[in-house]
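One structure is given here, and the rest of the page talks about it.
Taken together, the values in this text are just the output of simple stated rules run on the coordinates, not laboratory data. Keep in mind it's a predicted model, so treat the numbers as computed, not measured. All Cβ positions, even for glycine, are placed from backbone atoms using ideal geometry, and neighbour counts span all protein chains on display.
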Amino acid sequence: MKRLLSVLLVAGSVGTSLLSPAFFRVEAAQLPSPVKLSGTIDWEKSDEIVAQLRRGANQLTVSSYGGNERAAMAIGRIVVQRQVEVRVEGACMSACAQYILLPASPRAIIEHGSVVGFHGSALALSGWSRRYFAAGEPYRTIFRSSQPISAEADKLISNARHKALLIGSFKALAPVCVEALPTLRDHSPRVRTTYQFWIPSRAQLDRAGIKFSGYWPADAAEAARLARQHFKTGTSFAFGGSFESHLPSQLPLCSARVRELE
């Protein structure tokens, strides 16, 4: 007689209550249950996810607004090595999208009603600040703080067109100015942008050779409905637009930009 085991399935999404758990029985010979990543990505969660995937799980379900970039890349590396399928249930933003979902292409699936958004990547910041390194501060500090993470991302994202989309996402956020004062989080200057997240169109993903199966918003109006469902009030985002893979020009200091607008 074949040995049977019970598996607990839990379905849910960000901002909504979880559905009632459902039990079903499967043969023990089948593949391990999917691994679940939810909430802010930190090293504790990353280590746990990596350990579970190394034990043989071949599917990762994510619902996260991002977190520690290096911790996300550690998950992304095992996703690539083990050819893990990544499924978005709710939201996959910032580090989740850039360093876990993107490396999973073409083994990436977006559940209906879920949202994926890109943020300014270390790849873009490093390349942009290197261009203006000779201009002095704050570009030199931005380069020095972003370059180590950029080097890791460069190894993880091997596809040149995928890298181009990450670099272009910085331009899509519409950078405005550079805040020269160190931020409390990482003690480095911060680039202020018009938008906090960028949701590319399906056509832009196709041109970059990125294959996300399943759902994707058809237009800006549909993306706005997703934003109201998943984002905090006041979160700004751009959808589609005139995507360009080149970096923005040198930016003024935010204090000078404020004086211009007065």
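So here's what we get for this one:
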read-out	value
Peptide ranges 199-207, 43-51, 115-123 listed from the most packed, as the mean C-beta count within 10 angstrom indicates	115-123, 199-207, 43-51
Packing-based order for 80-91, 140-151, using average beta carbon neighbours within 10 Å, highest first	80-91, 140-151
³J(HN,Hα) computed for each position of the range 133-144 - Karplus, 6.51 cos²θ - 1.76 cosθ + 1.60, integer Hz, glycine/proline x	4, 5, 6, x, 6, x, 5, 5, 5, 4, 5, 5
Amide hydrogen neighbours beyond the local backbone of Thr61, cut-off 5 Å, H modeled	Val35, Lys36, Leu37, Arg87
